[in-house]
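The values are calculated or read from the model by the stated rules, or taken from the named source; none is laboratory data. This is a predicted model, so every value here is computed, not measured. No Cβ is skipped: glycine too gets one built from the backbone with ideal geometry, and neighbour counts run over all protein chains shown. Each accessible area value is taken on the protein alone, full model and side chains, heavy atoms only, with ligands, DNA and RNA left out. Shrake-Rupley method; radii C 1.70, N 1.55, O 1.52, S 1.80 Å.
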Amino acid sequence: MVVDYNKEGRIAIFTINRPEALNAIDVQTNQELHEALVDFRDDPELWAGIITGVGEKAFCAGADVKDMLPFLKEHRDRPRDFPPTLMRGLELWKPLIAAINGAALGGGLEIALACDIRIASENARLGTPEVALGLIPGWGGTQRLPRIIPWCKAAEIILMGKPIDAQEAYRIGLVNKVVPLAELMPTAKKWAEAICEVGPLAVRAAKEAMIRGTSMTLEDGLRLENSLFAYLLGTEDFNEGVKALTEKPKRKPVFKGK
Ligand code: CAA
């Protein structure tokens, strides 16, 4: 196994485990990560996920240049046969946190960009060096990065292929927080636990509205938001949220994801 998949209460933890290749994504890693993410999507007990890498050097050094890139080259006439990834094709409305424990380069940064929240260790370096290989980012980098950070910074990172450090990533809004390496997983778990305390169906609907909304007109986005809002009004969780807030004394809501 090259992806460790663990369930801790309501939190799923995905750890890419190929330290000999700085956690680069080969075909097997991609397959295992995809299968684990599908299980996470379909398991009603799991409400939030954390993706990280083994070791202190790398979150993920991108697509494996010795395995994945040759595989993709071989299939380049049939891009529909490219393996499914989190970055394209998998609709996943449960929230994901990237705990970036070192280099997040190329496909590695693109995995983090497909997450909703990014927490980086102080030693992290983030970038898309694909142009140095004569390629462009191929797992969503050209599309997600300019939607997440200002265009000129995205252009600097993508067109020059030079990585930036964790503090610069924080300054430009590419990561939510920078912490010492030893605090990375505890911090990511704390954030995941905080997300698991609020209404899970609401979190998923909010993520869906945010992501689908980026490719909609404002009018269509407002319509989508309205329909998701109406759906949530009919859930048990909404009743529970209002009850917990209005009861005397106030109490924490106990959400069921129903
Ligand atoms: N694929 C396969 N193996 C990789 C790898 C990758 N992307 N990145 C690193 N490795 C391997 C190295 O080949 C090396 O293996 P050996 O010990 O067997 O030689 C091992 O990991 C350690 O790497 P380095 O010796 O290079 O370690 P370093 O500390 O000197 O440098 C690094 C670290 C800066 C991350 C450097 O390894 C590097 O630049 N890696 C490549 C990053 C890259 O170009 N990523 C983009 C890939 S393309 C892509 O991702 C396309 C897409 O959008 C889908």
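If both residues of a DSSP beta bridge must be in the stretch 73-193, then about 20% of such bridges are antiparallel. Taking all protein chains into account, the per residue accessible area for the stretch 12-89 stands at 49 Å² (1.4 Å probe). Basic side chains Lys and Arg get +1 at the Cβ, acidic Asp and Glu get -1 at the Cβ, and with that the dipole of the chain about its Cα centre reaches some 680 debye.
Across the cross-link table entries Lys57/Lys189; Lys189/Lys250; Lys177/Lys256, which are compared at the Cα atoms, the separations over 24 Å belong to Lys189/Lys250; Lys177/Lys256. On the accessible surface of the chain, probed at 1.4 Å, how many percent belong to carbon and sulfur atoms? Taking all protein chains in place, the chain shows 57 percent carbon and sulfur surface. In the stretch 15-74, the ratio of gyration radius to Kirkwood radius, Rg to Rh, stands at 1.04 when only Cα atoms are counted. Computed from Cα atoms alone, the Kirkwood hydrodynamic radius reported for the stretch 193-243 is 11.7 Å. Charging the Cβ of each Asp and Glu at -1 and of each Lys and Arg at +1, and nothing else, the dipole of the stretch 12-165 about its Cα centre rounds to 580 debye.
Beta-bridge orientation, the stretch 42-138: approximately 5 percent antiparallel, per DSSP, counting only bridges with both partners inside. Near Lys256, once Lys and Arg are set to +1 and Asp and Glu to -1 for all other residues with Cβ below 9 Å from its Cβ, the sum equals -2.
Treating each Cα of the stretch 164-258 as an identical point scatterer and summing with the Debye formula, the log10 of I(q)/I(0) at q = 0.12, 0.16 Å⁻¹ comes to -0.60, -0.89. Semi-axis lengths, largest first, of the ellipsoid equivalent to the chain are 32, 20, 19 Å, with √(5λ) applied to each eigenvalue of the Cα gyration tensor. Ranked by the mean number of other Cβ atoms within 10 Å of their residues, highest first, the peptides 231-240, 105-114, 26-35 fall in the order 105-114, 26-35, 231-240.
Measuring r between the beta carbons of Ala230 and Glu208 and using R0 = 22 Å, the FRET efficiency lands at 0.95.
Loop-located trypsin sites (Lys or Arg not before Pro) in the stretch 1-106 (DSSP state not H, G, I, E or B) with no more than 15 neighbouring Cβ atoms inside 10 Å: Lys57, Lys66, Arg76. Excluding same-chain neighbours fewer than eight residues apart, the aspartates and glutamates reachable from Lys252 by a Cα-Cα span under 13 Å are Glu197, Asp237, Glu240.
Label positions at Lys243 and Val131, each projected 7 Å from the Cα along the C-beta direction, are separated by 5.7 nm. Which residue, Ile111, Gly173, Pro95, has the largest displacement toward the positive end of the dipole of the chain when charges sit on each Cβ (Lys, Arg +1; Asp, Glu -1)? Positive-end residue among those listed: Gly173. The convex hull around the C-alpha trace of the stretch 45-153, projected and averaged over every direction, spans 8.1 square nanometres. Over the chain, what is the percentage of antiparallel beta bridges among all DSSP beta bridges, to the nearest 5? Here the antiparallel bridges make up roughly 30 percent for the chain. Listed values for the stretch 171-176 are Karplus-derived 3J(HN,Hα) couplings in whole Hz (6.51 cos²θ - 1.76 cosθ + 1.60, θ = phi - 60°), namely 4, 8, x, 7, 10, 7, and x replaces Gly and Pro.
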